Structure formats: structure tokens, C-alpha cells
């Protein structure tokens, strides 16, 4: 049974009502009929446990209660998370959300500003009694490094250990994978989705993730886009992040990326080599961070 058939049987709709949107490690489909319009994300259980996804649903409920600019859960038989399902020999759980009716974010100053405003609004929310810790990031100091990236991960780990942030972590509700591809523009505002790595933690990680993603796209207007992002963010949440915080978390993002690739993606030699080259460029970028203009102030 494939993903479309699984959804068709669950929701009592025809197969042609479903369309594959993402065909990566996660499989995401949109299901649209006259009665429903939902986004269905199948995540393999070796990436996210059912408990992980239920906590993600709790996180999204928290954002919805605060009317944050984020996707909204859809419940099937009062359950936002369903499964497990076995498709192609792999076990998955399924999380539903309502479809966001908007366009893709583009790499312009106005869109990055809108993204910054939306992320700042989420970061500005009070934690209250929230207990959700969320997904744990890769920690190569306590787990064996994947063999294919062993040397570069060791170098990244040493660099992260050497960076001492100059201020205490500012804890809050974090998206976990903040970049333009995880938002849509609706009525002039950015609406964030794909909270699979959401957690309560150091909010500067989300900012570092945004910087890392801009660099990975090799855009000629990176600095302009980052400046617009900061402008929008500070309109919603006027705080300052130190260069040391951002540097450390850019390294952590690179570590997370390499461990994710090693654990969940079948890499060709060419992709492995390209990933190592980018990781080395990240090290150089972080080592010379004060010489570039990706600073918060």
C-alpha cells in the first residue's frame, strides 16, 4: 500500500485527491476535496518517534492558542498523529495540518523581513508552564560520529567546544529549522510550517539556522536578505544576539546537518564530497565571523 492509498482509505477520498508535495526522508502530501484541504506528513519512525510527533502537535497547539503565524493542526478522528503505517518496508507515523493558502517565499528583502517578523513573534511568546523539550540535536561528544564524516565532525565539534558565548542562553519556543522554505506568504505575512524539529531551547539557534541556510543557497544578496530578516525580527521581538551565540549555533547546525545526512540519506560519493566542502566553508566562515556583516547589530 502506498501513501496515497493509505490516505484515501483513512479519509474516505479518491486517490486522485492526493498529491505528493515532498518526496524526501519525510513524505508529504496534500489532500484536497470539497470538504477538506489538509497537509499530511509521513515521518519514518527511525527519524521521529510517535512521542516526538505528539510533542510536535502539542507545540503547534501552543502556537495556535497564541494565534502565532504558524500552521494549524488537523485532527482525524480527534487525533493529529496517526499510525504506524508500513509503506515500502518502512514504518511511518503521520501528522496532519491544515493547508496554508499562500505562495512560496522568495529571496527578496520584503519576504525575508516578513519571515523575521513571524519568527520573532513566535520567539516572543512566553513559555508559561511549557514542559516540552522537543527533539534533541546531534551531540557528537556523547555518540559515535558517522564514519563517512568522522574527520570533519571532529573538527566541527572542537570548534563548537572552543566558542564560549558571551551571554546566557535566551530560552524560548524554537522552530528548529528556520529558513524561507519552511514558510508561505499569505496576505502579506509569513506563516511558518514544518515544525518537526521544534523545541524549547536557545532561540539564537533559529537565527543561526537562517544564516546557515542563506549561505547554503549561495545568494549574491545574502547580506541584504539577512539585514531585512533582522529588521523584521526586531520589530516583533527587540532582542540582541551576540556573535559568539550565532557562531556556536551555526557550527551546531552544520553538525546536525551532517549527522542527519549520514543517518537518513543514501549519499553518493559526489554528494558526500560536496557536503564536506560546505562544512569546511562553514568552519572558515565561523572562524572569520567578525570580518563579515552577518552580525546582529
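The values are calculated or read from the model by the stated rules, or taken from the named source; none is laboratory data. Computed from a predicted model, the values in this text were never measured in an experiment. All Cβ positions, even for glycine, are placed from backbone atoms using ideal geometry, and neighbour counts span all protein chains on display.
Can you pull out the residues in the range 185-233 that are in contact with a strand residue (DSSP E or B) (Cβ under 8 Å, 6 or more places away or on another chain), within 16 Å of residue 114 (Cβ to Cβ) and in a loop (DSSP other than H, G, I, E, B)? Matches in the range 185-233: 193 only. Within the range 123-162, the set of residues being modelled with pLDDT under 80 and in contact with a strand residue (DSSP E or B) (Cβ under 9 Å, 6 or more places away or on another chain) comprises 130, 131, 132, 133, 134, 135, 136, 137. Is the range 87-99 home to any residue that is surrounded by 15 or more Cβ atoms within 10 Å (Cβ to Cβ) and in a loop (DSSP other than H, G, I, E, B)? Yes, the conditions are met somewhere in the range 87-99.
Within the bounds of the range 44-55, is there any residue that is part of a strand (DSSP E or B) and at pLDDT 95 or above? Yes, there is a match, as at least one residue in the range 44-55 is part of a strand (DSSP E or B) and at pLDDT 95 or above.
Exactly one residue out of 28, 68, 64 is over 20 Å from residue 265 (Cα atoms), outside any loop (DSSP other than H, G, I, E, B) and not assigned by TED's automatic domain parsing to the domain that holds residue 115, and it is 64. Evaluated against (1) more than 30 Å from residue 96 (Cα to Cα); (2) buried (at least 17 other Cβ atoms within 10 Å of the Cβ); (3) at pLDDT 95 or above, residue 165 falls short on exactly one condition, (3).
Just one of the listed residues (219, 258, 214) is free of Cβ contacts under 8 Å to residues at least 40 places away in the same chain and under 21 Å from the mean Cα position of the chain (by Cα), namely 214.
Per-residue answers, yes or no, for (1) over 27 Å from residue 114 (Cβ atoms); (2) in contact with a strand residue (DSSP E or B) (Cβ under 6 Å, 6 or more places away or on another chain); (3) crowded, with 20+ Cβ neighbours inside 10 Å:
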residue	(1), (2), (3)
235	no, no, no
241	no, no, yes
244	yes, no, no
270	yes, no, no
286	yes, no, yes
294	no, no, yes
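Here residue 79 meets each of (1) closer than 30 Å to residue 226 by Cβ; (2) modelled with pLDDT under 95 with one exception, condition (1).
Evaluation of residue 60 against the conditions (1) within 27 Å of residue 4 (Cα to Cα); (2) at pLDDT 95 or above; (3) more than 17 Å from the chain's Cα centre (by Cα) shows that the sole unmet condition is (3). Can you confirm whether residue 24 is loosely packed, with under 14 Cβ neighbours inside 10 Å and either under 23 Å from residue 197 (Cα atoms) or touching a helix residue (DSSP H, G or I) at 6+ places or on another chain (Cβ under 6 Å) (or both)? Here the answer is yes, as residue 24 does meet what is asked.
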